[in-house]
Amino acid sequence: MARPLSKSDIRKQVLARRDALGNVERKSLSERITRRLLALDAYRSARCVMAYASFGSEFETADFMSDLLAKGKGLVLPRLERGNRALQLHAVRDPAHDLVPGIWGIPQPRAESCPSVPASRLDFVLVPGVAFTRRCERLGYGGGYYDGFIRALARRPQLVAAAFELQLMPELPVTDRDQVVDLVVTEIADYHFPSPPVGGEG
């Protein structure tokens, strides 16, 4: 009987699949995911949206951020504080000029020019991750930044993950410290917690 995959095994396996996507295919899949995100009622009604600047082979967030800025929504991006493994939130008006490389080279806001924002203002949060289940369980990159951030929220906004279908796993070795999201959006379906998926090409 094969032993269950560890979190480390799953990260390696899923990241290898994601890294194997060609640039053209990644862009095409990202565009399909973005269309589904923009159609969500929770996104349409949100006034303040927390996103992240995509890095490496992640779902490309640039078009999502461009749309929300064009619609006059507030854009919030995180800075990763390595010492206390916390996320500091900052308002960003121009991602092309307001971001600098942070931990692991991930683009993050310039603290000196981007005002800080309290988490209580957030209506919608785009949550990154390595792997997910259709039940909206999430496996992050291992730092615990987002799990801690979600646990500390006094008011829970809509938590949405954008991922390629290839990042979905039947099971994940989650614990009570691993935070679920409300919705996982892929290029072909929206997986709600704990409801059945909403499919269709969007």
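The values are calculated or read from the model by the stated rules, or taken from the named source; none is laboratory data. What you see is a predicted model, and the numbers here were worked out from it, not measured in a lab. We place every Cβ from the backbone using ideal geometry, glycine too, and count neighbours over all the protein chains shown.
Descriptive notes on the structure:
- Test for F64: is it within 22 Å of Q167 (Cα to Cα) and not in a helix (DSSP H, G or I): no
- Residue satisfying all of: in the range 66-122; of a type in the set (V, I, T) and at pLDDT below 95; nearest to L159 (Cα to Cα) among these: I106
- Residues that are touching a strand residue (DSSP E or B) at 6+ places or on another chain (Cβ under 9 Å), farther than 21 Å from L77 by Cα and either modelled with pLDDT under 95 or not charged (D, E, K, R) (or both) within the range 132-171 comprise F132, T133, C136, Q167, L168, M169, listed in sequence order.
- Inside the range 127-172, residues that are closer than 20 Å to R18 by Cα and not aliphatic (A, V, I, L, M) make up a count of 17.
- Screening the candidates R32, R26 for the property of being surrounded by 12 or more Cβ atoms within 10 Å (Cβ to Cβ) and more than 23 Å from A96 (Cβ to Cβ) yields one hit, R32.
- Scanning the range 103-144 for residues that are farther than 27 Å from P194 by Cβ and either in contact with a helix residue (DSSP H, G or I) (Cβ under 7 Å, 6 or more places away or on another chain) or surrounded by 18 or more Cβ atoms within 10 Å (Cβ to Cβ) (or both) returns I106, Q108, P109, R110, S113, C114, V117.
- Of the residues V127, V174, the single one that is β-branched (V, I, T) and modelled with pLDDT under 95 is V174.
- Meets criteria (among the basic types (K, R), over 22 Å from K12 (Cβ atoms) and either touching a residue at least 24 places away in the same chain (Cβ under 8 Å) or surrounded by 20 or more Cβ atoms within 10 Å (Cβ to Cβ) (or both)) for R79: yes
- Residue in the range 140-154 that is free of Cβ contacts under 8 Å to residues at least 40 places away in the same chain, small (G, A, S) and in a helix (DSSP H, G or I) present: yes
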